[in-house]
Every structure is written in structure tokens, then in C-alpha cells.
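Enquirer: I'd like to ask you about the structure that follows.
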Amino acid sequence: MATRHQVRQSVVSLLYANEMGSEMEEFSSEFLEEKKIRNDQKSFTLSLYNGVLDNLNLIDEELNSHLGKWKLEEIGTVERAILRLGAYEIKFSDIDGAIIINEAILLANELGSDSSTRLINGVLDAISKDKAK
């Protein structure tokens, strides 16, 4: 049974593949089966993935407003996927922002570049603080 962290890793991978132009319907089924993400975890994975895509414009606007001198298009694809997932969960779930940010930092350490953790932490922390207001 997949952990929530493994589910989030898979969502980042799916978001990355989607942005790279993969045929997602077939790819996502095969990918999740390969990762042994089934049943409730598969539903959770797909709900996060589809939630990000369904709210992509709102999420991207929110991220761009907190990126300072950067624009979302200038950030690496993996980092962009992690930020989008984190922003989606902060904005649309009841999970504590600190948990979401911690998960995003773990994902950045595993999948992103050396400098991505500080950026991801700062942006998601700002979004979390905005939500708390």
C-alpha cells in the first residue's frame, strides 16, 4: 500500500508527464499500476492530479503573485509541479499548511534541483500565510 508521500511523488510525476505532452490517460493508468498505487490511494492520487489541472489558472496566478522576480515559466518543470501540487493542497484541502510544505520540501530534496527547496518553502509558506488571514 502506497503512503501519502508516494502518492504525492506520483502526482508530481503525472504533472511533469502532462506538461511534457504525454498521452495521459494511458500513461497514468500504467504508471500508477507500476507504482502499485491502487484503490483508495489511486483515487487520492487522481483527485490531487485532476484538482491541480482543474484549478491550474488560479494556482498559477497565486504562484506568480508570490514568486517575486521569477515567473512560473522560468522555473524547472519538476519544481513547477511541486509548487502547483503544494499550492493546490494549501488552497483546497483541510490539511495543515506546515504538513503540506514539509511534504513539498521532501519532494524537492528528492526530485528537484539543489536550490529548489528554499524557493518552494518560501512560496508555499507565503500562500499558507495568506490563507490563514
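Enquirer: Based on this model, can you work out whether Gly97 counts as farther than 16 Å from Asp125 by Cα and either crowded, with 17+ Cβ neighbours inside 10 Å or not hydroxyl-bearing (Ser, Thr, Tyr) (or both)?
Expert: no
Enquirer: If you go through region 50-74, how many residues are under 15 Å from Met20 (Cβ atoms) and modelled with pLDDT under 95?
Expert: The qualifying residues number 1.
Enquirer: Would you check if Arg8 is buried (at least 20 other Cβ atoms within 10 Å of the Cβ) and basic (Lys, Arg)?
Expert: yes
Enquirer: Still on this structure, I have one more. Of the residues Ser22, Ser13, only one is in a helix (DSSP H, G or I) and surrounded by 12 or more Cβ atoms within 10 Å (Cβ to Cβ); which?
Expert: Only one candidate passes the filter, namely Ser13.
Enquirer: Which residues, counting only those in region 64-94, are hydroxyl-bearing (Ser, Thr, Tyr) and either touching a Phe, Trp or Tyr at 6+ places or on another chain (Cβ under 7 Å) or surrounded by fewer than 17 Cβ atoms within 10 Å (Cβ to Cβ) (or both)?
Expert: Selection gives Ser65, Thr77, Ser93.
The values are calculated or read from the model by the stated rules, or taken from the named source; none is laboratory data. Everything numeric in this text was worked out from a predicted model, so none of it was measured. For neighbour counting, all protein chains shown are included, and Cβ atoms are generated from backbone atoms with ideal geometry for every residue, glycine included.
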